[in-house]
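Asker: Got a structure for you, written out below as structure tokens; questions coming shortly.
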Amino acid sequence: MCPISSDSDEGFLSDSFHRHALFVFLIGLLLLTLAACGGGPTDSNTGGNGGGGNGGGDEPAENEVIMTGTTFTPSSIQIEVGETVTWRNQSSMTHTVTSGSNRQHDDEFNSGNLAPGADYSVTFTEAGDFDYFCIPHVGMNGSVTVIDPTAESVQQGTGEHGRVSP
């Protein structure tokens, strides 16, 4: 008699065992499939930026700030007078770019709500430090430092800033 037989319950493996094994296998396969699908939208970190990642796999371009998760990348940027900074929302959340600090708007600029995929640009016409934050996300802050290369220079050998004649 063959040890594996479908004609007898006395065999090594019966039909009911095969049905049970198939059922367990299918349930396991279903659970693995559900686990692989995940739980909902998330930001990916394929760009190597740290923080929340930028979702698109690109590093920020010159004078560009990427919004992902609850992070501005880079959080601080330095530009020259007359240059434009562009903020790009590569997150799955709505963000704002609102000038001010300590969550107090100073009326310099405000993007309003930026939906995922939207961007916002500001051209800075004066030198200075400009802090900004995201209204919906406490702790999401950044700053733009605007320099006027015709008005400031670093004195050779001292590391101190001084005024020079144009």
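The values are calculated or read from the model by the stated rules, or taken from the named source; none is laboratory data. The structure displayed is predicted, hence computed values, not measured ones. Ideal geometry is used to build each Cβ from the backbone, glycine not excepted, and the neighbour counts take in all protein chains shown.
Asker: Within segment 25-36, is there a residue that is touching a strand residue (DSSP E or B) at 6+ places or on another chain (Cβ under 8 Å), surrounded by fewer than 17 Cβ atoms within 10 Å (Cβ to Cβ) and modelled with pLDDT under 95? Working first, answer last.
Answerer: Kept after step one, since they are touching a strand residue (DSSP E or B) at 6+ places or on another chain (Cβ under 8 Å), are these residues of segment 25-36: none.
No - not one qualifying residue is present in segment 25-36.
Asker: Same structure again: Which of the residues spanning segment 125-140 are surrounded by fewer than 19 Cβ atoms within 10 Å (Cβ to Cβ), touching a Phe, Trp or Tyr at 6+ places or on another chain (Cβ under 9 Å) and part of a strand (DSSP E or B)?
Answerer: none
Asker: Quick check on my filter: what residues within segment 93-124 are modelled with pLDDT under 95 and part of a loop (DSSP other than H, G, I, E, B)?
Answerer: Asn102, Arg103 - these are the residues of segment 93-124 that are modelled with pLDDT under 95 and part of a loop (DSSP other than H, G, I, E, B).
To keep it simple, each residue is scored yes or no on (1) touching a residue at least 40 places away in the same chain (Cβ under 8 Å); (2) closer than 15 Å to Val85 by Cα; (3) basic (Lys, Arg).
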{"residue": "Asp106", "(1), (2), (3)": "no, no, no"}
{"residue": "Ala115", "(1), (2), (3)": "no, no, no"}
{"residue": "Phe124", "(1), (2), (3)": "yes, yes, no"}
{"residue": "Gly139", "(1), (2), (3)": "yes, no, no"}
{"residue": "Pro149", "(1), (2), (3)": "yes, no, no"}
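Asker: Which of the residues spanning segment 53-72 are at pLDDT below 90 and in contact with a Ser or Thr (Cβ under 7 Å, 6 or more places away or on another chain)?
Answerer: Residues satisfying the conditions are Gly53, Asn54, Gly55, Gly57, Pro60.
Asker: I would also like to ask the following. State the number of residues belonging to segment 58-73 that are polar (S, T, N, Q) and crowded, with 19+ Cβ neighbours inside 10 Å. I'd like the intermediate steps shown before the answer.
Answerer: Keep residues of segment 58-73 that are polar (S, T, N, Q), which gives 63, 68, 70-71, 73.
Right, trim to crowded, with 19+ Cβ neighbours inside 10 Å and you get 68, 71, 73.
Qualifying residue count, segment 58-73: 3.
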